[in-house]
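The values are calculated or read from the model by the stated rules, or taken from the named source; none is laboratory data. Predicted, not measured: the structure shown is a model, and the values here were computed from it. Cβ sites come from the backbone with ideal geometry, for glycine too, and all protein chains shown count toward neighbours.
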Amino acid sequence: MAYEVLLVPIAAGMVVATALLVKMSAQARTTARAAGTVFLLAMMEAMLLGGLVYLLAPSTAGLVDALWVTSAVMSLAVVPIFWQFLRDARRQIAEGGTGYASQPFRPNVRFSLLVLALVVSSEFLMGLVFELASGTPWASLTSGPSGAALALLSQVVLSPWFVFTMAAEMALTVALLRRELLAPFGVLLAGQVGIMVATPTALGGASWPLGAIVVGSVAMIALVVYAMEFVYRNPELSRAAGTYLVRLLAIYGAMMAGIFLWQASGDGLLLAVALLAEMALYFDLVVRSGRLATSETFAWLRDARWTFGLLAGVFVAEIFMGAVLDQAILPGWYTGLGMWALTGSGTDVATAAVHNGFLFLSAVTASVWFLAMMGAEMGTLVVYKLRETRSRETRVRLGVMLGSYAAFAVFFPSVYYTIVFPSAPDPSVVPLLGWSMGVGSAPLAPIVFGAVVGTYAITAALSMAFGRRWLCSVFCTAPLMFQGTTIDAMKTFNRSSSIGHRYLGSRFSSLYSATLAITMAALVAVSLLSYLDAIGTLHAQILGLDPSVFFFALSFGVLWYLMFVLIPFVGNYNCVTMGWCYTGIIAQAFQSLGAFKLKVRDREVCRACTTLDCAKGCPVGLVDMPGHFRTKGEFRSSKCCGVGDCVEACPYGNLYIHDIRHLIGRWLRAGAAPHRSPAALPMARSRPVPPEPAKAHPASLDSGGR
Ligand code: SF4
Ligand code: SF4
């Protein structure tokens, strides 16, 4: 404790000094000032090096060595100052000037890297010196599974001296430079500070690691939501801002993976590297913040690779964050997964690796913490969308969708089910409760046969009455992920991506038909295998799992998320557009027998319409709808899942969703019905407004639809 009393004020002084030097670096506008800043940073480094030399051999001889080292580094640090002075003077003479005048300067990449290297190494040295000064033996700092040098790196970087002083430096720097930073980046940098503070390795004890993991996860969720909404509000981003965001999310993916590895094995190396990378990204942005406003801009919705980077970073961070929370809150979660040992022949190791990867991914994506986090992130984006939605029917649907997710993805399968049926099997393998439509968990199927048949009957009845929207736009977990502001905006990739483009329109292309046929054939095959396995006719397992359970986990625990990350290359809402979800296919088969369709109030309005906004707004890519509206006044497609974005997008309020409510309304009015304008239908947003006279015949997005 006596050491801490002495060391804390020293650390605080160094925090202030470093933050002021970083500020000077960011504001350096002359070569002399830039060189002076580098010199002062190097001086700090020299003092810390001297301290380290002394602490490694604390004696009179060690003190002399320390003074030599400090003096040598300080002498070397003077060289850039003189060099810069001579350059400036020579230029001044060449230009015929008299006296000395420093040259103009703007912080560039090389300067930023130099400042960064000095700040990071000073921070590392300070952590090391303070660890030694507070009594931690050198031997314990250098022992670890990855060797002495890497052990030293991770032990120092994960120590409180490094983590907290670094976080304080970052916070002070952003406070000092707040006027020069664009507001959104000030918020993002403040979020970085919060996440840095919540490093679970910084303090020991029982409560800090768990508390830090929970607080860090909440901070990261908030930061991801902020970043996603920021890009939604800025369709044109500066290249510097785009690069920063993608790198930040990639670092958080690595950081979460690092925390998971540290939890599982005690090795904190990956986490330490991720912390250093986070710090480097932070100071690079601070020192060269001017480029956020001056670098070239790009339309991110036309940049598939950048958008993929954004989604992949978010997904990897979420996966490991979910695993970290599962492991922290449910100790033994990871060991209970039943991973296979990576031993034996090459084939055995490869099979075990595939098995473990599959099991890990499907277990995390089915876990309550992952679903709760995804729900919090994507659900907040849906709330943003709700705020800008005018159609009352769509607002109601979005509200019910949020409630359904909270109830059926988070509350019932985990909280309620765990409390009420503590010894029952996992809900994802119970036919009635999961999305497996009764094909999962074959051994249970005979017992709950009636309930399974009931599930199909309810699916059929609801799909015929309301279309597949009850499932694909409300009750499934997918619509919540797809319909938040930023992800919904990615529907442009349905047209611009080469694969998504092939699935455009309501017709069943050969690719769609093939995908659908393979999906349904696989469903029948795994159900049959599962049944034969259950009655003992044959032993059929895939990666150690019941075939139907494997297929369910593959479809909704692995493939769905893979396709989500691949939206920039395959288009949005691809479970619907490509026909690879067997649950959706079953619902769409019944939809085509029912009353669900899109109708327009006045087809003349559509004939004169030049915007075709309904087609552009469709997240499923049903671009041929305007043609059907013009010729038939209505549009039916089994691919339509009733999101209602087309209704919202139509500038004339000419479009509505027709389902069983209209049939019932017509039956009730039959006989006595004085004619009522279609605008009075329950979902009418407003009376149709006559469009401006068309200047030319409206262009169609799909000529086949005319
Ligand atoms: S197609 Fe399947 S995964 Fe997609 S929304 Fe419908 S039920 Fe959900
Ligand atoms: S945007 Fe509206 S008016 Fe235009 S084609 Fe679509 S439904 Fe008709």
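Let me confirm something: among 521, 514, which residue is in a helix (DSSP H, G or I), more than 24 Å from residue 355 (Cα to Cα) and more than 30 Å from the chain's Cα centre (by Cα)? Spell out the reasoning first.
Values: 521 fails: more than 24 Å from residue 355 (Cα to Cα).
Of 521, 514, the one residue that is in a helix (DSSP H, G or I), more than 24 Å from residue 355 (Cα to Cα) and more than 30 Å from the chain's Cα centre (by Cα) is 514.
Answer yes or no: is there a residue in the stretch 5-12 that is closer than 26 Å to residue 168 by Cβ and touching a Pro at 6+ places or on another chain (Cβ under 9 Å). Don't jump to the end; show me each part of the working.
Here is the first cut: in the stretch 5-12, the ones closer than 26 Å to residue 168 by Cβ are 5-12.
Now narrow it down to the ones that are touching a Pro at 6+ places or on another chain (Cβ under 9 Å): none.
Looking through the stretch 5-12, none of the residues is closer than 26 Å to residue 168 by Cβ and touching a Pro at 6+ places or on another chain (Cβ under 9 Å).
Going through 363, 406, 442 one at a time, which residue ends up being modelled with pLDDT of 85 or more and surrounded by 21 or more Cβ atoms within 10 Å (Cβ to Cβ)?
Working: 406 fails: surrounded by 21 or more Cβ atoms within 10 Å (Cβ to Cβ); 442 fails: modelled with pLDDT of 85 or more.
After applying the criteria, what remains is 363.
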*asked:* List the helices (runs of 4 or more DSSP H) inside the stretch 568-674, counting only whole elements, that have at least 3 residues being over 38 Å from the mean Cα position of the chain (by Cα), surrounded by fewer than 19 Cβ atoms within 10 Å (Cβ to Cβ) and not aliphatic (A, V, I, L, M).
replied: 603-608, 660-669
*Test for residue 7: is it in contact with a helix residue (DSSP H, G or I) (Cβ under 9 Å, 6 or more places away or on another chain) and either in the same structural domain as residue 160 (by TED's automatic domain parsing) or exposed (fewer than 13 other Cβ atoms within 10 Å of the Cβ) (or both)*: yes
*If a residue has to be at pLDDT below 80 and assigned to a helix (DSSP H, G or I) to count, how many in the stretch 318-334 make the cut?*
0
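For (1) in contact (Cβ under 8 Å) with a residue 24 or more places away in the chain; (2) in contact with a helix residue (DSSP H, G or I) (Cβ under 8 Å, 6 or more places away or on another chain); (3) within 30 Å of residue 291 (Cα to Cα), each residue gets a yes or a no:
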{"residue": "46", "(1), (2), (3)": "yes, yes, no"}
{"residue": "50", "(1), (2), (3)": "no, yes, no"}
{"residue": "54", "(1), (2), (3)": "no, yes, no"}
{"residue": "57", "(1), (2), (3)": "no, yes, no"}
{"residue": "70", "(1), (2), (3)": "yes, yes, no"}
{"residue": "81", "(1), (2), (3)": "yes, yes, yes"}
{"residue": "116", "(1), (2), (3)": "yes, yes, yes"}
{"residue": "129", "(1), (2), (3)": "yes, yes, no"}
{"residue": "133", "(1), (2), (3)": "yes, yes, no"}
*Please verify whether the stretch 119-141 includes one or more residues that are polar (S, T, N, Q), closer than 16 Å to residue 158 by Cβ, part of a loop (DSSP other than H, G, I, E, B) and over 39 Å from the mean Cα position of the chain (by Cα).*
yes
*So residue 107 clears everything in (1) modelled with pLDDT under 80; (2) under 30 Å from residue 261 (Cα atoms) except one condition, right? Which one?*
(2)
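Report yes if some residue within the stretch 340-357 is of a type outside the set (A, V, I, L, M), within 30 Å of residue 491 (Cβ to Cβ), crowded, with 17+ Cβ neighbours inside 10 Å and modelled with pLDDT of 90 or more; otherwise report no.
no
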*asked:* Regarding the stretch 97-117, can at least one residue be identified that is farther than 18 Å from residue 30 by Cα and either assigned by TED's automatic domain parsing to the domain that holds residue 277 or in contact with a Cys (Cβ under 8 Å, 6 or more places away or on another chain) (or both)?
replied: yes
_List pairs: first residue in the stretch 276-299 and part of a strand (DSSP E or B), second residue of a type in the set (A, V, I, L, M, F, W, C) anywhere in the structure, Cβ distance under 7 angstrom, at least six positions apart or on different chains._
297/237; 298/237
